[in-house]
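Working notes, beginning with the structure itself.
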Amino acid sequence: QVQLVESGGGSVQAGGSLRLSCAASGNTASINIMGWYRQAPGKQRESVATITSDDYRHVAEFVKGRFTISRDGARNKVALQMNSLKPEDTGVYYCMANSAANNYWGQGTRVTVSS
């Protein structure tokens, strides 16, 4: 079992920045991938950025050049630095960890970008 706790998020004007952080606990040694997903109102959840256990990073095209995923001081923590935010980035952002073919999710943190 893996537990995920997110922090960060909030409200910002377009062009601003926010930083999300996620800390994993439990059986963290078995985690293969950690990442961030988001879900906008009325839309499906989508992958934003992921990082593997050997630090391979993938960032979705729609945030490439604006968002960066990184380790946040420890291997069981990941951060999502979000710059040049747009109103379409608004949504609930979820931390995800994959372990032993199971996906674990955080409770979600809301990001609101106003124009």
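The values are calculated or read from the model by the stated rules, or taken from the named source; none is laboratory data. Being a predicted model, the structure only gives us computed values, none of them experimental. With ideal geometry, Cβ positions are generated from the backbone for all residues, glycine too; neighbour counts draw on all protein chains shown. The area values use the complete protein model at the heavy-atom level, side chains included, leaving out ligands, DNA and RNA. Shrake-Rupley method; radii C 1.70, N 1.55, O 1.52, S 1.80 Å.
Here are a few things to note about the model shown:
- Extension gain, residue 86 to residue 14: 0.36 nm times the residue separation minus the Cα-Cα distance gives 25.4 nm.
- Accessible surface of the range 1-101 [probe 1.4 Å, protein heavy atoms]: carbon and sulfur percent: 48 percent
- Among the chymotrypsin sites (Phe, Trp or Tyr not before Pro) in the range 29-115, those placed in a DSSP loop whose Cβ has at most 12 other Cβ atoms within 10 Å are 56.
- Expressed as a whole percent, the proportion of Cα-Cα pairs in the chain lying more than 25 Å apart is 16%.
- Remark: the range 48-115 projects, on average over all directions, an area of 5.1 nm² (convex hull of Cα atoms).
- Rounded to whole Hz, the Karplus (6.51, -1.76, 1.60) HN-Hα couplings of the range 67-78, x for glycine and proline: 10, 9, 9, 7, 6, 10, x, 7, 6, 9, 10, 10
- Three principal axis extents describe the C-alpha atoms of the range 24-68; from largest down they are 34, 24, 11 Å.
- Å² of accessible area per residue within the chain, as computed with a 1.4 Å probe and no ligands counted: 51 Å²
- Relative contact order of the chain, pairs being alpha-carbon contacts under 8 Å that are 6 or more residues apart, as %: 37 percent
- Trypsin sites (Lys or Arg not before Pro) restricted to the range 40-115 and DSSP loop, no more than 11 other C-beta within 10 Å: 43, 64
- Maximal additional length on extending the residue 47-residue 27 stretch stands at 4.9 nm, based on 0.36 nm per residue less the C-alpha distance.
- Solvent-accessible surface ranking, highest first, for 48, 59 at 1.4 angstrom: 59, 48
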